[in-house]
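Encoded as structure tokens, the structure appears first; notes follow it.
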Amino acid sequence: MMILTIIWYRESYGPVVLERKAARLRKSTGNPDLRSIHDKGKLDPKLFLSALARPLKLLFGSPIVFLVALFAATTYGYLYLMFTTITSIFEEKYGFSHGIAGLAYLGFGIGSMLGLVVTGAVANRIATNHIQRGCFTPESRLLPMMVGCWFMPVGLFWYGWSAQAGTHWIVPILGTGVFAVGLMTVYVCQHLSG
């Protein structure tokens, strides 16, 4: 389906459409002076450096952008930490084979689906109530994150402690599920409000 979408995709962004039309007109008329209104000519080095500096100014000049970026970076770090340790823990500690060790990700997958569905439903219900009262802001969708973010440290502790203690193999898998619920809550709320 994705390939069919790419094949039949038509550009709709105004500046790109105008630039392509200007290129066709230059070719058909032979007039090299025909330009789109959005064409600035050659790229100015100052403009280029300004465009490169803008994200850094936003990151370090706005405390809320910095804190949200730091929080997102930390959660991504925990996610990759979890992904890199699951296979080795279940192969070495629990004696799973290479094929069976992949099933240890089921807890993470089920937790992700659960977190996605519940967070989406709760965030939409909160947004609907705020819209009806006339006090909706994009930050209204962040409320589930205040509860869901605590599932991440609980799930990490659960996963790490149970794997270190050598408990039954299902206990760390349940910990990965709890972690995934919190992770999806954080990601969904950040993307819905952003």
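The values are calculated or read from the model by the stated rules, or taken from the named source; none is laboratory data. Predicted model only: the values in this text are computed from it and were never measured. Note: ideal-geometry Cβ built from the backbone for every residue, glycine included; neighbour counts use all protein chains shown. Accessible surface is based on the protein model in full, side chains and every heavy atom, while ligands, DNA and RNA are left aside. Shrake-Rupley method; radii C 1.70, N 1.55, O 1.52, S 1.80 Å.
Please work out which one of (1) assigned to a helix (DSSP H, G or I); (2) farther than 30 Å from ALA180 by Cα; (3) open to solvent by 100 Å² or more (accessible area, probe 1.4 Å); (4) not hydroxyl-bearing (Ser, Thr, Tyr) is the condition PHE60 fails and give its number. All conditions pass for PHE60, except number (2). Restricting ASP39, ASP33 to residues that are surrounded by fewer than 10 Cβ atoms within 10 Å (Cβ to Cβ) and modelled with pLDDT under 85 narrows the list to ASP33. The requirement of being among the aliphatic types (A, V, I, L, M) and part of a loop (DSSP other than H, G, I, E, B) is fulfilled nowhere in the stretch 69-81; no residue meets it. All of ALA121, ALA69 fail the test of being under 16 Å from the mean Cα position of the chain (by Cα) and over 20 Å from PHE179 (Cβ atoms), apart from ALA69.
For the stretch 110-154, taking the residues that are among the basic types (Lys, Arg) and without any contact (Cβ under 8 Å) to a residue 40 or more places away in the chain, the one that is surrounded by the most Cβ atoms within 10 Å (Cβ to Cβ) is identified as ARG125.
So that you can scan it fast, the table gives a plain yes or no per residue for (1) at pLDDT 95 or above; (2) under 16 Å from LEU81 (Cα atoms):
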position: LEU114; (1), (2): yes, no
position: ALA123; (1), (2): no, no
position: PHE136; (1), (2): no, no
position: CYS149; (1), (2): no, no
position: VAL178; (1), (2): yes, yes
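Between a first residue in the stretch 72-92 that is crowded, with 16+ Cβ neighbours inside 10 Å and a second residue that is aromatic (Phe, Trp, Tyr), which pairs have beta carbons less than 6 Å apart while being 6 or more apart in sequence or on different chains? These pairs meet every condition: PHE90/PHE96. Condition test on VAL178, is it without any contact (Cβ under 8 Å) to a residue 24 or more places away in the chain and out of contact with any Cys (no Cβ under 6 Å at 6 or more places or on another chain)? So VAL178 does not fit the description; no. In contact (Cβ under 8 Å) with a residue 12 or more places away in the chain, open to solvent by 90 Å² or more (accessible area, probe 1.4 Å) and either at negative phi or assigned to a helix (DSSP H, G or I) (or both): does that describe ARG54? For ARG54, the condition - in contact (Cβ under 8 Å) with a residue 12 or more places away in the chain, open to solvent by 90 Å² or more (accessible area, probe 1.4 Å) and either at negative phi or assigned to a helix (DSSP H, G or I) (or both) - is not met.
It is to be established whether one or more residues within the stretch 86-100 are of a type in the set (A, V, I, L, M) and at pLDDT below 90. No: zero hits.
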